[in-house]
Amino acid sequence: MSIEEEIDGHFRNEFHKGMINLIYTTNEIHFEFLSYLRTHGLTSQQYNVLKLLRGFGDAPRSIDFLRNRMLDKKSDMSRIIDRLFAQDLVDRVENITDRRQKEITITVKGMTLLDKMDDCERHTDGLLKNLTEEEVQELNRLLDKIREKQPQKQE
């Protein structure tokens with residue numbers, strides 16, 4: 001269904017339509033993904049932290065390390081870690097050399113939860129099921145291009 005039909009709207013130009021279409025589509029996909037995560041009691045930020053911890057191995061990671069790799073760069077990392085800690089999904093230990101820093105590791109319970117959620121990866125892939133692999137590659141190329149910083153013109 002076209003974006004015009006989805007929201008019964010009209011657009012100033014193709015750039016406006018593209019922006020609205022991108023936002024609308026992202027919100028639709030994100031809502032479906034969040035609904036899946038909620039069945040496991042997680043937010044997308046919490047899931048992101050657990051995946052990072054599992055993906056980078058057994059070594060403890062700092063909050064800054066995690067923050068720099070988050071999909072949502074404005075996440076309140078301390079609060080996310082607090083909630084994961086309260087659920088016994090991560091451990092946090094003060095850094096011996098810098099007490100302001102915490103070293104974060106995923107717990108056995110956190111690993112078990114992620115193992116149960118491995119089908120989440122397949123579910124996530126399915127959110128783009130209407131596209132071929134080549135179309136997804138083109139989508140990735142275009143999204144990367146959108147994020148490229150344009151040099152400021154001198155006046």
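The values are calculated or read from the model by the stated rules, or taken from the named source; none is laboratory data. As the structure is a prediction and not an experimental result, all values here were calculated from the model. Please note: Cβ atoms are built from the backbone with ideal geometry, for glycine as well, and neighbour counts cover all protein chains shown.
Would a scan of the range 12-32 turn up a residue that is at pLDDT below 90 and in a loop (DSSP other than H, G, I, E, B)?
Taking every residue of the range 12-32 in turn, none turns out to be at pLDDT below 90 and in a loop (DSSP other than H, G, I, E, B).
Give me a count of the residues in the range 11-38 that are of a type outside the set (Lys, Arg), surrounded by 12 or more Cβ atoms within 10 Å (Cβ to Cβ) and more than 24 Å from the chain's Cα centre (by Cα).
Adding up the residues that qualify gives 2.
Tell me the residue from ASP98, ASP82, ASP72 that is without any contact (Cβ under 8 Å) to a residue 60 or more places away in the chain, out of contact with any strand residue (DSSP E or B) (no Cβ under 7 Å at 6 or more places or on another chain), outside the structural domain of ILE23 (by TED's automatic domain parsing) and closer than 29 Å to THR25 by Cβ, please. Give the steps one after another, and end with the answer.
Values: ASP98 fails: closer than 29 Å to THR25 by Cβ; ASP82 fails: closer than 29 Å to THR25 by Cβ.
Exactly one residue qualifies, and that residue is ASP72.
Listed residues GLU14, GLU32; which is out of contact with any Pro (no Cβ under 6 Å at 6 or more places or on another chain), in contact (Cβ under 8 Å) with a residue 12 or more places away in the chain and not assigned by TED's automatic domain parsing to the domain that holds LYS73?
GLU32
Tell me which residues, restricted to the range 87-128, are of a type in the set (D, E, K, R) and either at positive phi or at pLDDT below 80 (or both). Reasoning before the result, please.
Start the filter on the range 87-128 by keeping residues that are of a type in the set (D, E, K, R), which leaves 88, 91-92, 94, 98-100, 102-103, 109, 115-116, 118-119, 121-122, 125.
Across the range 87-128, the qualifying residues are ASP88, ASP98, ARG99, ARG100, ASP119, GLU121, ARG122, ASP125.
Taking the range 88-104, which residues are surrounded by fewer than 15 Cβ atoms within 10 Å (Cβ to Cβ) and either under 21 Å from the mean Cα position of the chain (by Cα) or of a type in the set (Asp, Glu) (or both)?
Within the range 88-104, ASP88, GLU94, ASP98 qualify.
Filter the range 54-76 down to the residues that are surrounded by 15 or more Cβ atoms within 10 Å (Cβ to Cβ) and small (Gly, Ala, Ser) and list them by number.
SER62, SER75
Kindly establish whether ASP8 is under 30 Å from ASP118 (Cα atoms), of a type in the set (Asp, Glu) and loosely packed, with under 13 Cβ neighbours inside 10 Å.
Judged against the criteria, ASP8 is not a match.
Pick from the range 71-86 the residues that are over 13 Å from TYR47 (Cα atoms) and either in a loop (DSSP other than H, G, I, E, B) or of a type in the set (Gly, Ala, Ser) (or both): which of them is modelled with the highest pLDDT?
Among them, the one singled out is ALA86.
Can you work out which of the residues in the range 39-70 that are part of a helix (DSSP H, G or I) and closer than 14 Å to GLN87 by Cβ is farthest from the chain's Cα centre (by Cα)?
By that ranking, first place goes to LEU53.
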